[in-house]
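Below is one structure, written out as structure tokens; the observations come after it.
The values are calculated or read from the model by the stated rules, or taken from the named source; none is laboratory data. Note that the structure is a prediction, hence the values are computed from the model and not measured. Neighbour counts are summed over all protein chains in view; Cβ atoms, including those assigned to glycine, are modelled from backbone coordinates with ideal geometry. These area figures cover heavy atoms from the full protein model, side chains too; ligands, DNA and RNA do not enter into them. Shrake-Rupley method; radii C 1.70, N 1.55, O 1.52, S 1.80 Å.
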Amino acid sequence: MNRKEYLRIVRKQIHFIFDRDSIESELNQHLQDSVADLMEDGLSEEEAELQAVAQMGNPVEVGKLLNQEHHPLLGYLWIASMVILLLLVYPAFILITGFGYSIINLAIPTVHDTVVETYPIGIEMELPTHSVKIDNITLNEEGRYYLTYRSRTKLDYSRAGWSSSLFYLEDSAGESIMGGEYSSQGFGVSNGGKEFMWPEDDLLIVVGMDGEKFEINLKEYCDETRKKTFD
Amino acid sequence: MAVDKGYMSGSSRLLVLKLLSEKSYYGYELIKTLKTRSNDVFDMKEGTLYPILHKLENDELICSSNQQVSGRVRKVYSITDKGIKVLSKETEEWREFSLAVNQVLTFGGA
């Protein structure tokens, strides 16, 4: 049996179709690692793939056990509750934040297309001249991380008043990990995002702005992410 | 040495929790470590690890996130506070149980 066939059979056992992709992707990661190791031991690619699949065991058995952990009823209930929540919350959000804010939101580039993971950070910072909120960190399929933030100037609304150079990202050793960035400003509000490299083998990044520094440890947000997915 | 499957299924959950209490692992890395650390006794069918991980995650003893490790995006698991508590309780139970089994097995000499 080859890799594709193994994954296809496992997928078929999962009745909650929305979880099929993530399960397939995880098992596929495993098989790719396994094939790479076996090829290092001297097997051809074809032999390595057959061997890796054989080591996985029976796909029907594994698929059925996984299906028990991805119960369709709970899954569909969760999706339904999210849709209802969105319908209730979105109109309220528009009313509260006002028209200006929603125009600014539309101006942000769509970096969220291929997001595979969202860490809801929700840290708020009160600086002398601004209040800043770090909304979340996302990881997309290509392995790029983005940090998204919103800020409001406390001075006067005619000034955009936000310099993104005040805002930087470092690893725990103090090395810069910044990549590209985007932002949009208006009405004293600034929305933006920063692309950065997550330091290898470290769950910690340091965010600095306006002379203040604080750490974000991804491990702390792991639990929160989970609650949002399975409540 | 090959060991009966029944012994393995009961204890694999505990061993997974133990390893995750030391550091975060992705699935492939976890199964290789399990095998080495147990002198190849825990040589289970690799696919069967994932139902165990997803069950532990549903029980909120571990949590997962997609992260970039060695140039690729992988699903990485970490232990939760609840998981740490369950690990210490079940480790204690396991010690007591294996002690009792050993006592019976050695009584009067095997």
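Scan B:THR80, B:THR48 and give me the residue that is at the interface with chain A (Cβ under 8 Å from one of its Cβ atoms), crowded, with 16+ Cβ neighbours inside 10 Å and under 21 Å from A:ASN28 (Cβ atoms).
One residue alone meets the criteria, B:THR48.
So which of A:LEU65, A:LEU43, A:LEU7, A:LEU31 is of a type in the set (A, V, I, L, M, F, W, C) and under 13 Å from B:LYS45 (Cα atoms)?
Residue meeting the stated conditions: A:LEU31.
Checking B:ALA100 against (1) assigned to a helix (DSSP H, G or I); (2) of a type in the set (Gly, Ala, Ser); (3) modelled with pLDDT under 90, which single condition isn't satisfied?
It is condition (3) that B:ALA100 fails.
Of the residues A:LEU85, A:LEU50, which is closer than 28 Å to B:PHE42 by Cβ and away from chain B (no Cβ under 12 Å)?
A:LEU50
Any idea which residue in region B:51-77 is nearest to the other protein chains (Cβ to nearest Cβ), counting only those that are among the hydroxyl-bearing types (Ser, Thr, Tyr) and buried (at least 19 other Cβ atoms within 10 Å of the Cβ)? Outline the logic, then answer.
Initial filter on region B:51-77 (among the hydroxyl-bearing types (Ser, Thr, Tyr)): B:64-65, B:70, B:77.
Those left that are additionally buried (at least 19 other Cβ atoms within 10 Å of the Cβ): B:64-65, B:77.
Values: B:SER64: 7, B:SER65: 5, B:TYR77: 9 Å.
Among those residues, the one meeting the criterion is B:SER65.
Within region B:30-42, does at least one residue satisfy the condition of being in contact (Cβ under 8 Å) with a residue 40 or more places away in the chain, at the interface with chain A (Cβ under 7 Å from one of its Cβ atoms) and within 13 Å of the chain's Cα centre (by Cα)?
No, region B:30-42 has no match at all.
Being open to solvent by less than 70 Å² (accessible area, probe 1.4 Å) and closer than 24 Å to B:THR33 by Cβ: is that true of A:MET39 here?
Spelling it out, it is not the case that A:MET39 is open to solvent by less than 70 Å² (accessible area, probe 1.4 Å) and closer than 24 Å to B:THR33 by Cβ.
If you scan region A:189-201, which residues turn out to be within 14 Å of another protein chain (Cβ to nearest Cβ) and modelled with pLDDT of 70 or more?
A:GLU195, A:PHE196, A:MET197, A:TRP198, A:PRO199 - these are the residues of region A:189-201 that are within 14 Å of another protein chain (Cβ to nearest Cβ) and modelled with pLDDT of 70 or more.
Considering each of A:ASP156, A:ASP210, A:ASP231, A:ASP171 in turn, give the residue that is at pLDDT below 75 and either closer than 27 Å to B:TYR25 by Cα or crowded, with 17+ Cβ neighbours inside 10 Å (or both).
Matching residue, one of A:ASP156, A:ASP210, A:ASP231, A:ASP171: A:ASP231.
Could you run through region A:4-20 and say how many residues are away from chain B (no Cβ under 12 Å) and without any contact (Cβ under 8 Å) to a residue 60 or more places away in the chain?
Number of matching residues: 8.
Report yes if B:GLU90 is more than 14 Å from chain A (Cβ to nearest Cβ) and in contact (Cβ under 8 Å) with a residue 60 or more places away in the chain, otherwise no.
Numbers: more than 14 Å from chain A (Cβ to nearest Cβ): yes; in contact (Cβ under 8 Å) with a residue 60 or more places away in the chain: yes.
Yes: the conditions hold for B:GLU90.
If we scan region A:58-66, do we find a residue that is open to solvent by less than 80 Å² (accessible area, probe 1.4 Å) and modelled with pLDDT under 85?
Checked region A:58-66: no residue is open to solvent by less than 80 Å² (accessible area, probe 1.4 Å) and modelled with pLDDT under 85.
So, of the residues in region A:110-143 that are modelled with pLDDT under 75 and open to solvent by 50 Å² or more (accessible area, probe 1.4 Å), which turns out to be farthest from B:CYS63 (Cα to Cα)?
Restricting to residues being modelled with pLDDT under 75 and open to solvent by 50 Å² or more (accessible area, probe 1.4 Å), the top hit is A:PRO128.
B:SER21 passes all but one of (1) surrounded by fewer than 17 Cβ atoms within 10 Å (Cβ to Cβ); (2) of a type in the set (Ser, Thr, Tyr); (3) modelled with pLDDT under 95; which number fails?
Of (1) surrounded by fewer than 17 Cβ atoms within 10 Å (Cβ to Cβ); (2) of a type in the set (Ser, Thr, Tyr); (3) modelled with pLDDT under 95, only one is false for B:SER21: (3).
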